[in-house]
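This report refers to the structure that appears directly beneath it.
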Amino acid sequence: QILRSAGIETAVVWRGVPSAVDCHRFVWEAPDGSEVVAEYLPGGYGNAAYLFDVPGPPPLDVFEERFRPWFGADDILGMVGTDHMPLVRDFSERLHSTGAQTGTLADYLRGASPDGLLRWQGEMRSAARANLLPGVVSARIDLKSACARAERWLERYAEPLQTLYSDEWPEPFLAQAWSRMFQNAAHDSICGCSSDEVSAQVLVRYAEAEQIGRELTERALARIAAEAPRHSFAVVNPSPRERTELVELEVVAPEDWEVVALELPDGSTLATQEVQRQEPLLWETTLAGAKVPVVIARRLHGRKLFGRYVNGYRIEDGRAVLEVGDEPDPDWLDVEQLVREVTFATAEGEWNLRVAARPKRTVVAAVPVPALGWTSVRPVQVPGTVPGTAPFETGLDVTDLTRIVRGKDIGDSYNYAPPERDVLVEEPIQQHLETLEDGPLRRIAVLHRRYVWDDKAVDTETRFELRTGEPFVRIRIDFDNSCDDQRIRVHVRLREPADRSFAEGQFAVVERGLEVEGGYGEVAVPTYPASSFVAAGGIALLLAHVTEYEVVGDELALTLLRSTGFISRNENPWRDDPAGPQLPIPAAQLRGPRSFSFAWYPSTEAIHEQAERYRHPFLTSPGASTAKELRSHGGPILEGDPSVVLTALHSDRARVVNESAEPRTVRFAGEELELRPWEIRTIQL
């Protein structure tokens with residue numbers, strides 16, 4: 001579909017082509033019905049690379065005998081060249097006497113017709129005639145995570161918010177960011193099957209793109225915050241549908257306030273859950289009054305003291321208190337005059353000098369925000385308990401929700417390969433559950449497990465977070481990896497038997513069975529990639545980045561880490577042919593702190609909606625307006641079935657995708673759109 005929308009009618013393919021394709025040309029059809037004529041390369045993209053290794057005319061008779069069955073009466077396509085091979089000297093002269101023609105792929109495919117050709121619909125993941133190399137999905141998982149972060153900050157935050165809330169489109173910055181993303185798109189780069197030096201540069205480019213995305217997002221947030229009153233917060237929704245989500249805020253609240261609520265623009269209030277209180281006293285000392293100005297001057301940097309803004313002072317009985325805050329309030333302050341006044345007030349006697357911030361509390365609240373818009377909220381005092389703060393019950397025992405399974409991997413970046421007598425470590429030697437929060441709006445528990453891997457004690461922390469209004473559980477696994485050559489997976493039990501899976505990715509939801517086609521000398525492994533979610537057996541797992549998964553019996557397994565030491569092993573027990581150079585890549589063992597996040601959703605209904613909530617949290621920013629009135633503002637709305645998703649909002653256009661097998665009619669920004677099943681639609685705004 002993407003090729004046809006760009007005016008491309010032909011494609012050249014090799015890996016993944018199934019055994020059902022028995023000729024060199026076929027029609028490849030997308031789920032939406034779009035199709036291209038595909039040219040299959042039997043023998044790969046270098047099938048004629050070595051014909052010129054011997055002097056004189058190349059032995060085309062042997063070449064023709066091998067490939068004629070694929071081409072029938074058609075001209076045989078010979079690909080002269082392969083990875084890292086220089087051009088053949090005297091190529092045209094040596095080929096002249098053979099009667100063969102030279103040309104480009106475009107020359108060969110000119111006039112290719114779909115008439116009478118075999119048809120194949122959907123993805124191609126067969127290892128029937130070439131190595132599929134599926135292990136690249138889980139190799140260097142740090143690259144996949146970095147890629148997803150950069151993409152999200154650019155596509156779902158920076159570009160939409162700059163489109164809606166900026167006067168000038170930041171083209172130079174976005175061009176720079178996307179150039180970094182495109183530079184990482186080479187398959188050996190994003191797949192993580194390159195040298196450590198290359199992977200290090202890939203991470204740098206992703207970091208640069210992410211930094212640009214974050215900065216452009218912050219600039220848009222600053223413009224929004226300029227419309228929200230001081231001492232309030234702007235809460236921003238990046239989704240094209242109205243959402244109510246939990247946000248965490250640090251609010252200034254006097255210590256005598258029993259309970260804090262959040263006021264909305266319509267005057268109603270939201271219940272909050274207090275998480276913690278900050279100690280207002282940052283620093284104190286007792287000294288002679290004559291030394292007070294000296295001590296202040298040595299610690300004062302412009303208007304900042306201990307990293308915060310000096311906003312005032314007060315003189316109490318034998319005590320001088322400098323009041324500081326995260327924001328300048330008031331905007332302008334004569335610091336020199338303030339120091340002179342403090343010096344005069346403390347000139348005699350002994351004084352207790354303090355630096356204190358306004359009393360702050362960290363609270364969480366479920367805030368409703370318009371589509372692609374923002375609302376402002378302000379902390380207010382309420383007596384007693386705020387309505388709506390009754391504890392929520394789940395009946396969920398998180399200790400049985402996940403299993404961590406670790407085994408050895410003597411494969412490489414291309415293919416997982418366990419040793420012949422692999423011993424899986426599935427049971428911890430110690431385990432205990434710690435409750436961090438148990439409030440009415442958010443509950444957090446950490447399951448501490450200790451395992452023995454390679455005779456080393458490894459402590460893992462599995463964090464479970466439940467939020468009011470969310471039908472899923474947020475899960476994060478943290479540990480310090482000290483081991484090499486391994487595969488670590490998290491297993492989640494299915495609710496019912498499964499004979500297939502459904503994985504979001506490639507602008508579609510791909511249905512897959514439990515077996516894959518092998519045959520070329522590579523062990524067929526039924527591991528697959530998923531982008532934002534994978535569903536099977538009555539559950540869905542919501543993902544933060546492209547992740548490898550497998551349906552294993554009555555469980556769904558996600559690969560959270562695969563440690564490898566070589567780009568390719570010449571003797572990989574699960575692959576006959578080398579896939580690349582046997583070059584050591586010790587950094588791909590990924591030692592050190594590791595973190596993997598996903599969410600467990602015990603349903604397969606409205607998964608797109610839940611994945612949107614999980615992957616795209618609200619943003620917050622302190623208000624900066626001198627106005628007093630709370631405000632809110634809405635952006636363009638996507639109305640209709642939640643399986644139609646917004647994947648880009650850029651300057652004067654947007655992209656929506658119908659990720660379902662049914663036609664859908666939706667409205668976006670007031671325009672009605674009739675979408676074919678699985679259609680990708682770019683619309684002008």
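What's the total number of residues in region 61-109 that are of a type in the set (A, V, I, L, M, F, W, C) and outside any helix (DSSP H, G or I)? Before you say what the answer is, go through the steps one by one.
Of the residues in region 61-109, the ones of a type in the set (A, V, I, L, M, F, W, C) are 62-63, 67, 70-71, 73, 76-77, 79-80, 85, 87-88, 91, 95, 100, 105-106, 109.
From what is left, the residues that are outside any helix (DSSP H, G or I) are 73, 76-77, 79-80, 85, 87-88, 100.
Summing the residues that are of a type in the set (A, V, I, L, M, F, W, C) and outside any helix (DSSP H, G or I) in region 61-109 gives 9.
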Worksheet entry | Flag if Arg421 is assigned by TED's automatic domain parsing to the domain that holds Phe479 and either within 25 Å of Ser138 (Cβ to Cβ) or in contact with a helix residue (DSSP H, G or I) (Cβ under 7 Å, 6 or more places away or on another chain) (or both) | yes
Item to complete: Take region 346-370 and flag every residue that is surrounded by 15 or more Cβ atoms within 10 Å (Cβ to Cβ) and among the aliphatic types (A, V, I, L, M).
Response: Leu353, Val355, Ala356, Ala357, Val363, Val364, Ala365, Ala366, Val367, Val369
Discussion item. Under 9 Å between Cβ atoms, which residue pairs at least 6 apart in sequence (or on different chains) link something in region 75-97 that is under 26 Å from Ala112 (Cβ atoms) with a partner that is surrounded by fewer than 16 Cβ atoms within 10 Å (Cβ to Cβ) and among the basic types (Lys, Arg)?
Written reply: Ile76/Arg68
Worksheet item: Counting just the residues of region 495-516 that are buried (at least 18 other Cβ atoms within 10 Å of the Cβ) and of a type in the set (D, E, K, R), which one comes out farthest from Ala417 (Cα to Cα)?
Response: Glu504
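For region 446-478, name all the residues that are aromatic (Phe, Trp, Tyr) and more than 19 Å from Val367 (Cα to Cα). Give the derivation first.
Restricting attention to region 446-478, the residues satisfying the condition of being aromatic (Phe, Trp, Tyr) are 451, 453, 464, 472.
Correct list: Tyr451, Trp453, Phe464.
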Worksheet item: If Thr82 passes every condition in (1) at pLDDT 95 or above; (2) out of contact with any Pro (no Cβ under 7 Å at 6 or more places or on another chain) but one, which one does it miss?
Response: (1)
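State all residues of region 112-159 that are part of a loop (DSSP other than H, G, I, E, B), of a type in the set (A, V, I, L, M, F, W, C) and under 22 Å from the mean Cα position of the chain (by Cα); if no residue qualifies, say none.
Filtering region 112-159 down to residues part of a loop (DSSP other than H, G, I, E, B) leaves 112-118, 122-125, 127-133, 138-140.
Then drop every residue that is not of a type in the set (A, V, I, L, M, F, W, C), which leaves 112, 117-118, 124, 127-128, 130, 132-133, 139.
Matches in region 112-159: Ala139 only.
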Worksheet item: What are the residues in region 165-182 that are closer than 16 Å to Tyr206 by Cβ and among the polar types (S, T, N, Q), if any?
Response: Gln176, Ser179
Worksheet, complete the sentence: By residue number, the members of region 10-24 that are touching a strand residue (DSSP E or B) at 6+ places or on another chain (Cβ under 6 Å) and not aliphatic (A, V, I, L, M) are Thr10, Gly16, Pro18, His24
Response to the item:
Going through region 224-250 in order, the residues found to be of a type outside the set (Val, Ile, Thr), outside any strand (DSSP E or B) and either out of contact with any Ser or Thr (no Cβ under 6 Å at 6 or more places or on another chain) or surrounded by fewer than 24 Cβ atoms within 10 Å (Cβ to Cβ) (or both) are Ala225, Ala226, Glu227, Arg230, His231, Asn237, Pro238, Ser239, Pro240, Arg241, Glu242
Worksheet item: What do you reckon, is Ala175 surrounded by fewer than 21 Cβ atoms within 10 Å (Cβ to Cβ), among the aliphatic types (A, V, I, L, M) and under 30 Å from Gly634 (Cα atoms)?
Response: yes
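The values are calculated or read from the model by the stated rules, or taken from the named source; none is laboratory data. None of these values were measured; they are calculated from a predicted model. Reconstructed Cβ throughout: ideal geometry from the backbone, glycine too, with neighbour counts over all protein chains shown.
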